[in-house]
Structure formats: C-alpha cells, structure tokens
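The values are calculated or read from the model by the stated rules, or taken from the named source; none is laboratory data. Computed from a prediction, not measured in an experiment: that's the story for all the values here. We place every Cβ from the backbone using ideal geometry, glycine too, and count neighbours over all the protein chains shown.
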Amino acid sequence: MIFYSTRTKDLKASLEEAVFRSLPPDNGLYMPDHIPQLSNDFLSTIEERSFKEIAVEVAYTLLSDDISRDSIQQIIDIAYDFESPVVQITPDDYVLELFHGPSMAFKDFGARFMAALMSYFLLRSKKEIKILVATSGDTGGAVAQGFFKVPGISVTILYPSGKVSEIQEKQLTTLGHNVTALEVNGTFDDCQRLVKEAFLDNELTSKFNLASANSINIARLIPQSFYFFSAYAQLKKLGKPLVFSVPSGNFGNLSAGLLAYRMGLPVQQFLASTNLNNSVPRYLKNGTFDPLPSIETISNAMDVGNPSNFVRLIRFFNDDWNLVNEKISGYFFDDEQTQKIMREVYGNTNYVLCPHTAVAYGGLQQYRIENDLDFTGVFLSTAHPAKFIDLVEDTLGKTVEVPERLKSLLSIEKVATKMEPSFSAFKSLLLSDLN
Ligand SMILES: *Cc1c(COP(=O)(O)O)cnc(C)c1O
C-alpha cells in the first residue's frame with residue numbers, strides 16, 4: 001500500500017515510513033493511495049468468521065504489498081486477545097462494546113495493532129525506537145498497554161499532574177519495564193509542547209530514534225475498521241440495513257468506519273455524534289468548517305474543538321460536501337442531555353453507558369425520530385463506564401461495579417518521575433536514559 005499526503009498528492013510514503021513518521025513532512029495526513037475492495041466471497045460468508053479471521057482478511061486486503069499473510073496473522077494474534085461483541089438493548093438497537101481490551105477503551109484496538117506492526121518492522125531492521133506521548137488521559141493508557149514489553153521499543157509518557165483520573169493515572173504509572181511515566185507539573189498543552197520540542201531537538205534526534213504514537217497514525221486508523229466489519233458479521237442475519245452512530249472527538253473512529261465502507265462494507269448511514277464540541281455536525285448542516293476552541297464536557301475524551309481527522313473524513317468523499325452530507329448525519333448533545341440518556345437507558349434496560357457512549361445513543365435515537373426507516377442501529381461504546389465511575393455513579397444514583405482489571409490497578413503503587421514543564425528538564429531526563 002502506498003500512502004499520499006492530504007496536502008500534497010505527490011508526496012508518497014510506504015507503509016513503514018508512514019507508520020514511523022506518523023505525519024508527512026508537509027503536515028498533512030497519510031491516506032491510502034487507492035482503496036482495495038474486499039471480495040464478495042468474504043462478505044457473503046463473513047458471519048462464519050471470528051474477529052481475528054475478519055481482521056486478518058481486512059488487513060491483508062490493505063497491506064498485502066508490504067507484509068505476508070503469515071506475518072499479518074502473527075501481528076493480529078499478538079495484538080488481539082479481546083473482541084468486539086454486540087449487545088442488544090432494544091428490539092432494533094445494539095451497542096458495539098469496544099472496551100474489552102487492556103485499558104478498557106476502544107483505543108486499545110488501534111494501539112495494540114500499531115505496537116505489533118512497529119515491532120514487526122523493527123525486528124527486521126534491528127533498530128530500536130523511543131516513543132514519546134503526551135496524554136490527557138485515555139490515549140496514554142492504551143499506548144502504555146499496547147507497547148508494554150514490546151521488543152525494541154521504549155515508551156515515555158507525559159501526563160499533566162492532577163488532571164487525569166485515578167484509574168487513568170494508574171494505567172500509566174504501574175506497568176514499569178519499557179514504560180516510563182513523567183508527571184508534569186503543568187497542563188496537557190505543556191506535555192504536548194515538550195514532546196513537539198523533543199522532535200525538533202538535534203541532540204535528541206541524533207541520539208535516539210524518536211517516534212510518536214499519535215492518534216492520527218495510519219497504523220491506528222486501519223485496525224479500527226476491523227470492528228465495523230465484525231459488527232456487520234454479528235448482525236447480518238437480521239437482514240436489515242445498518243446505521244452506525246460513532247461518538248466522536250478527533251474523528252479517527254468515524255474515519256475508520258468510512259474506510260470499511262469504502263472497502264465494501266454495506267452501511268446505510270453513519271452518524272457523527274458529538275458533545276458541544278460540534279464543529280463536524282455544524283459543517284454537515286451548513287457546509288462550512290469553522291473549528292472553535294475546545295469546551296470542557298463530561299464526555300471529556302471527545303473535547304476536541306478542531307478535529308485532526310476532519311481532512312481525512314471529507315477526503316473519503318473527494319472533499320465534496322454534498323456527498324459527505326448524504327452519508328453522514330450529525331448530532332450533538334450537551335451534558336444535561338447526555339446524563340438524561342444515561343438515566344433513561346439504565347432505567348429501561350439496566351445497561352450502564354459511559355458518557356461518550358450515551359452521546360452515541362442520543363444520535364441514534366434522534367436519527368430514528370427523523371427517519372421513518374426500518375434498520376438495525378449500532379452505537380459504538382468507546383469506554384467501560386467504570387473508567388468514569390464518579391460521574392456515572394452521580395448520574396445514576398447507584399454504585400457501579402468495577403471490573404477486576406481496573407480494581408486490581410488501584411492497589412498497585414504508582415511510579416512516576418515528577419517534572420517541571422521546562423524543555424531542559426525533559427531533555428536531561430531523556431538523556432539520562434530512564435529506560
Ligand atoms: C478517544 C475517545 C473518543 C473519540 O474518538 P475519536 O476517534 O477521537 O473520534 C470517544 N470516546 C472515548 C472513550 C475515547 O477515549
């Protein structure tokens with residue numbers, strides 16, 4: 001597969017280059033040069049296949065120029081010891097649970113695949129790399145778990161002190177081995193700035209092979225298409241068209257759904273469901289993209305005012321607003337509406353939604369009201385509700401069960417190096433070679 005930059009059609013990269021660079025030098029985003037189709041044979045028998053079998057076929061269809069089928073099978077085997085089940089919550093509505101991975105959020109699907117793919121390339125080139133990540137919460141956990149003990153890779157995670165939840169902090173700071181946590185006495189923006197500066201520093205870049213695990217890395221996008229196919233495989237027997245509601249922030253998840261659609265997955269409609277950071281629903285409505293500074297909400301993993309994947313999203317439709325608008329409908333909800341949805345669903349079905357998932361369900365309900373159509377609705381659950389336990393318990397007025405995987409973390413001692421938000425402090429820590 002050849003990738004091109006969304007800013008310069010002629011700026012191409014191989015898979016390996018795109019994965020290790022993350023971003024093209026012109027600061028565009030990598031997109032597949034062409035989108036291969038899945039065979040009719042595969043789609044007509046998909047319901048007989050497991051999650052891993054689907055993942056191997058989809059990945060091989062995209063990456064067969066770069067990696068052998070056996071190696072793709074190995075990468076998938078290493079990456080996925082968890083799946084994406086659908087659970088029925090009303091006669092026609094299903095939740096696609098994407099929180100069964102190690103960090104209990106959907107970002108595990110992307111992070112685990114990216115780690116296994118990078119490791120595959122590094123074993124062949126005998127190189128070692130150092131990954132730097134700034135996190136405001138969820139990404140760090142998925143990346144830390146994804147790269148934990150992966151040969152040839154060390155990971156340094158910067159997080160803002162006191163600004164991530166206790167569970168999120170434990171997910172970053174209790175692994176050890178090749179994962180180092182830096183607790184920055186500052187904000188998420190400070191963490192991001194320090195990482196950016198490191199990539200521009202000659203001394204650091206000549207000493208280490210630095211890489212980023214950015215959410216716009218193509219190696220995180222590709223695997224997120226697997227579970228759209230898996231949902232189809234699980235629901236195909238119902239014989240109705242599918243509508244997917246995707247709770248969105250940076251729009252990587254929805255872009256992956258579009259990739260699946262372009263590869264041949266039958267989808268009637270995608271719903272871009274957001275909180276008050278609604279630049280994409282507003283674009284869908286009036287045709288202009290007018291990003292605003294981000295607003296804090298209870299679905300905080302979606303607090304993105306200027307989503308980086310927007311250019312990818314519209315590129316799947318040749319940047320034609322009419323075409324985008326035909327396939328994607330936008331909905332947005334404030335915190336009060338989100339909490340009302342959480343209470344309603346719990347009251348009617350006993351199913352507990354995290355706030356992000358509630359936004360997705362809100363979009364689906366609204367689409368049903370506006371369209372008198374017979375379809376199967378699928379809304380993506382991007383995190384386990386226990387990751388946001390205080391908010392969920394306050395909203396529902398009941399205690400929420402914490403899965404063993406999260407509970408056991410709380411009793412492990414955190415290990416983090418405290419750091420002032422200055423580049424010289426960061427640089428000397430990196431040079432003293434923490435890991
Ligand atoms: C990252 C995240 C999202 C947003 O996904 P995008 O791909 O950035 O649109 C939604 N929910 C949760 C829980 C997340 O961690």
Worksheet item: When the stretch 111-135 is examined, which residues are found to be within 15 Å of the ligand (Cβ to nearest atom) and under 21 Å from Leu204 (Cβ atoms)?
Response: Val133, Ala134, Thr135
Worksheet entry | Matching entry among Asp108, Asp138 (being within 12 Å of the ligand (Cβ to nearest atom), surrounded by 22 or more Cβ atoms within 10 Å (Cβ to Cβ) and free of Cβ contacts under 8 Å to residues at least 60 places away in the same chain) | Asp108
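Within the stretch 194-207, identify whether any single residue is in contact (Cβ under 8 Å) with a residue 60 or more places away in the chain, away from the ligand (no atom under 15 Å from the Cβ) and not in a helix (DSSP H, G or I), and answer yes or no.
yes
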Fill in: Failed item in (1) within 16 Å of the ligand (Cβ to nearest atom); (2) closer than 30 Å to Thr338 by Cα, with Ala213 passing the rest
(2)
Item to complete: Among the strands (runs of 3 or more DSSP E) lying completely within the stretch 63-166, list those that include at least 2 residues that are more than 30 Å from Leu431 (Cβ to Cβ) and touching a Phe, Trp or Tyr at 6+ places or on another chain (Cβ under 6 Å).
Response: 86-88
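Within the stretch 270-297, restricting attention to residues that are aliphatic (A, V, I, L, M) and at pLDDT below 95, which residue is farthest from the ligand (Cβ to nearest atom)?
Step by step, filter the stretch 270-297, then rank; the result is Leu292.
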Discussion item. Exactly one condition in (1) part of a helix (DSSP H, G or I); (2) within 16 Å of the ligand (Cβ to nearest atom); (3) out of contact with any strand residue (DSSP E or B) (no Cβ under 7 Å at 6 or more places or on another chain) is false for Lys407; which is it?
Written reply: (2)
Practice prompt. State all residues of the stretch 341-351 that are farther than 13 Å from Gln88 by Cα, of a type in the set (A, V, I, L, M) and surrounded by fewer than 24 Cβ atoms within 10 Å (Cβ to Cβ); if no residue qualifies, say none.
Written response: Ile341
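From the list Gly397, Gly347, exactly one residue is on the phi > 0 side of the Ramachandran plot and over 27 Å from the mean Cα position of the chain (by Cα). Which is it? Before you say what the answer is, go through the steps one by one.
Numbers: Gly347 fails: on the phi > 0 side of the Ramachandran plot.
Criteria check complete, one pass: Gly397.
Could you grab me the full set of residues in the stretch 46-62 that are in a loop (DSSP other than H, G, I, E, B) and either surrounded by 15 or more Cβ atoms within 10 Å (Cβ to Cβ) or under 21 Å from the mean Cα position of the chain (by Cα) (or both)?
Answer for the stretch 46-62, where residues must be in a loop (DSSP other than H, G, I, E, B) and either surrounded by 15 or more Cβ atoms within 10 Å (Cβ to Cβ) or under 21 Å from the mean Cα position of the chain (by Cα) (or both): just Arg49.
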Worksheet item: Restricting the stretch 280-293 to residues that are farther than 17 Å from Val359 by Cα and not hydrophobic (A, V, I, L, M, F, W, C), which is surrounded by the fewest Cβ atoms within 10 Å (Cβ to Cβ)?
Response: Pro293
Practice prompt. Quick one: count up the residues across the stretch 51-101 that are more than 22 Å from Ser14 (Cβ to Cβ) and touching a residue at least 24 places away in the same chain (Cβ under 8 Å).
Written response: 22
Worksheet entry | Unique match (being loosely packed, with under 13 Cβ neighbours inside 10 Å, within 25 Å of the chain's Cα centre (by Cα) and free of Cβ contacts under 8 Å to residues at least 60 places away in the same chain) among Ser428, Ser424, Ser408 | Ser408
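Residue by residue through the stretch 339-371, note down the ones that are aliphatic (A, V, I, L, M) and either touching a residue at least 40 places away in the same chain (Cβ under 8 Å) or within 16 Å of the ligand (Cβ to nearest atom) (or both). Walk me through it before giving the result.
Initial filter on the stretch 339-371 (aliphatic (A, V, I, L, M)): 341-342, 345, 352-353, 358-360, 364, 369.
Hits for the stretch 339-371 are Ile341, Met342, Val345, Val352, Leu353, Ala358, Val359, Ala360, Leu364.
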Worksheet item: Of the numbered conditions (1) within 13 Å of the ligand (Cβ to nearest atom); (2) within 21 Å of Pro266 (Cα to Cα); (3) hydroxyl-bearing (Ser, Thr, Tyr), Ser329 satisfies every one except a single condition; which is it?
Response: (1)
Fill in: Those residues of the stretch 294-336 which are of a type in the set (Val, Ile, Thr), in a loop (DSSP other than H, G, I, E, B) and surrounded by 20 or more Cβ atoms within 10 Å (Cβ to Cβ), in sequence order
Thr297, Ile298, Val304
Worksheet item: Are any residues in the stretch 76-92 closer than 11 Å to Gly377 by Cβ and of a type in the set (Asp, Glu), and if so, which ones?
Response: Asp92
Item to complete: Considering only the stretch 380-404, state which residues are part of a loop (DSSP other than H, G, I, E, B) and within 15 Å of the ligand (Cβ to nearest atom).
Response: Thr382, His384
Worksheet item: Does Leu43 satisfy the criteria of being over 20 Å from the mean Cα position of the chain (by Cα) and either within 18 Å of Ile222 (Cα to Cα) or surrounded by 16 or more Cβ atoms within 10 Å (Cβ to Cβ) (or both)?
Response: yes
Worksheet item: Within the stretch 163-185, can one find any residue that is under 30 Å from Tyr60 (Cβ atoms), within 14 Å of the ligand (Cβ to nearest atom) and buried (at least 22 other Cβ atoms within 10 Å of the Cβ)?
Response: no
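For the stretch 221-258, which residues satisfy the criterion of being part of a helix (DSSP H, G or I), within 11 Å of the chain's Cα centre (by Cα) and within 12 Å of the ligand (Cβ to nearest atom)? It would help to see each step written out before you state the result.
Here is the first cut: in the stretch 221-258, the residues part of a helix (DSSP H, G or I) are 221-224, 226-238, 252-258.
Filter once more, so that each one left must be within 11 Å of the chain's Cα centre (by Cα): 221-224, 252-256.
Of everything in the stretch 221-258, those that are part of a helix (DSSP H, G or I), within 11 Å of the chain's Cα centre (by Cα) and within 12 Å of the ligand (Cβ to nearest atom) turn out to be Leu221, Gln224, Gly252, Asn253, Leu254, Ser255, Ala256.
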